[in-house]
Amino acid sequence: MGSEGRVLNVFSHGILVIWGLLVTLPLLWAVMSSLKTDKQIFTSPWGLPSALHFDNWSRAWSKSNIGDFFLNTILVVGCSLIGTMLLGSMAAYILARFEFPGKRFIYFMFVGGMSFPIILALVPLFFVMKNMSLLNTFHGLILVYIAYSLPFTVFFLTSFFKTLPSSVAEAALIDGASHTRTFFQVMLPMAKPGLISVGIFNFLGQWNQYMLPTVLNTDEDKRVLTQGLVQLAASQQYKGDWSALFAGLVLAMLPVLAVYILFQRQVQAGLTAGALK
């Protein structure tokens, strides 16, 4: 049994190392390419840059309008993330802690929303947004992002709230706290690991969203980062500014990497809290 355990341990670690290389090497290659000239990208694609050309980043930020797309994305994702977490946590708390007719139906409606392909809703969603004068607006895109992210948020947080001890909430109610105060001042702080975990997943999904803004947001001045990167790649045609394109890709990746690096412990704690309890 000891030798079998060691073999399994070596095998699992080998798989993790291979997976880590598959994820890390493309990121490093994109960063190196963003610091090269166009000539070096084609003549020495795997080599280190002879000099660090940070002007590629400034050119992508200003001349390619990546800066404007970046700020638009921060506005849309920031507002939608706040709305998603607020509405999702309240709905999940009710579904986890209270009994009422139709509770299971509502819960499974949220679960069903996770399995519904978004591409099937694009055409009716487009006409609904058009009739409500929400096309090509930031607030319209924010509302769609919230609706897109709510099913997973409610599903995840409902399970998480069920693992929290009910005695603390009961003690707060006995002391005279209302349900609203109990939720915001007692239960939400206790659910911090789960909120951070699902918040990061939502941030990743909304930051990298391309299909929804492409259909619902065609105004060039209000495009988000994913649309801007595609526009940059398409506009190059046969005279490509590849160094600026790689710089734009790196700029788009940096916030995602920074968020995960800063909150990786909270993500792990949130994902394992249910199992540990």
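Some observations on this one:
- Qualifying residue in region 124-140 (condition: open to solvent by less than 70 Å² (accessible area, probe 1.4 Å), in a helix (DSSP H, G or I), of a type in the set (Ser, Thr, Tyr) and touching a residue at least 12 places away in the same chain (Cβ under 8 Å)): no
- Of the criteria (1) under 14 Å from the mean Cα position of the chain (by Cα); (2) part of a helix (DSSP H, G or I), which one LEU232 fails: (1)
- The condition (being buried (at least 19 other Cβ atoms within 10 Å of the Cβ) and more than 30 Å from ALA147 (Cβ to Cβ)) is satisfied by just one residue among SER33, SER50: SER33.
- Qualifying residue in region 94-115 (condition: in contact with a Pro (Cβ under 9 Å, 6 or more places away or on another chain), over 30 Å from THR180 (Cα atoms) and open to solvent by 70 Å² or more (accessible area, probe 1.4 Å)): yes
- Of all residues in region 18-76 being in a loop (DSSP other than H, G, I, E, B) and closer than 19 Å to SER235 by Cβ, the one that is nearest to the chain's Cα centre (by Cα): ASN65
- Within region 75-86, residues that are farther than 12 Å from THR153 by Cβ have Cβ atoms under 6 Å from residues that are part of a helix (DSSP H, G or I) and open to solvent by less than 40 Å² (accessible area, probe 1.4 Å) in these pairs: VAL76/LEU141; VAL76/ILE142; VAL77/GLN206; VAL77/TRP207; CYS79/ILE142, counting only partners at least 6 apart in sequence or on another chain.
- Just one of the listed residues (ALA91, ALA121) is more than 19 Å from the chain's Cα centre (by Cα), under 23 Å from VAL186 (Cβ atoms) and surrounded by 14 or more Cβ atoms within 10 Å (Cβ to Cβ), namely ALA91.
- From the options SER159, SER167, SER197, SER149, residue that is over 30 Å from GLN209 (Cα atoms) and small (Gly, Ala, Ser): SER167
- Taken together, the criteria exclude ILE118 from residues that are among the β-branched types (Val, Ile, Thr) and at pLDDT 90 or above.
- Count - residues of region 195-229 that are open to solvent by less than 30 Å² (accessible area, probe 1.4 Å), assigned to a helix (DSSP H, G or I) and closer than 21 Å to ALA60 by Cβ: 7
- Test: residue in region 73-88 that is touching a Lys or Arg at 6+ places or on another chain (Cβ under 7 Å), on the phi < 0 side of the Ramachandran plot, surrounded by 17 or more Cβ atoms within 10 Å (Cβ to Cβ) and of a type in the set (S, T, N, Q): no
- Qualifying residue in region 174-185 (condition: under 21 Å from ALA91 (Cβ atoms), of a type in the set (Ser, Thr, Tyr) and surrounded by fewer than 17 Cβ atoms within 10 Å (Cβ to Cβ)): yes
The values are calculated or read from the model by the stated rules, or taken from the named source; none is laboratory data. These numbers come from a predicted model, not from an experiment. Neighbour counts are summed over all protein chains in view; Cβ atoms, including those assigned to glycine, are modelled from backbone coordinates with ideal geometry. Ligands, DNA and RNA are excluded from the accessible area calculation, which covers all protein heavy atoms including side chains. Shrake-Rupley method; radii C 1.70, N 1.55, O 1.52, S 1.80 Å.
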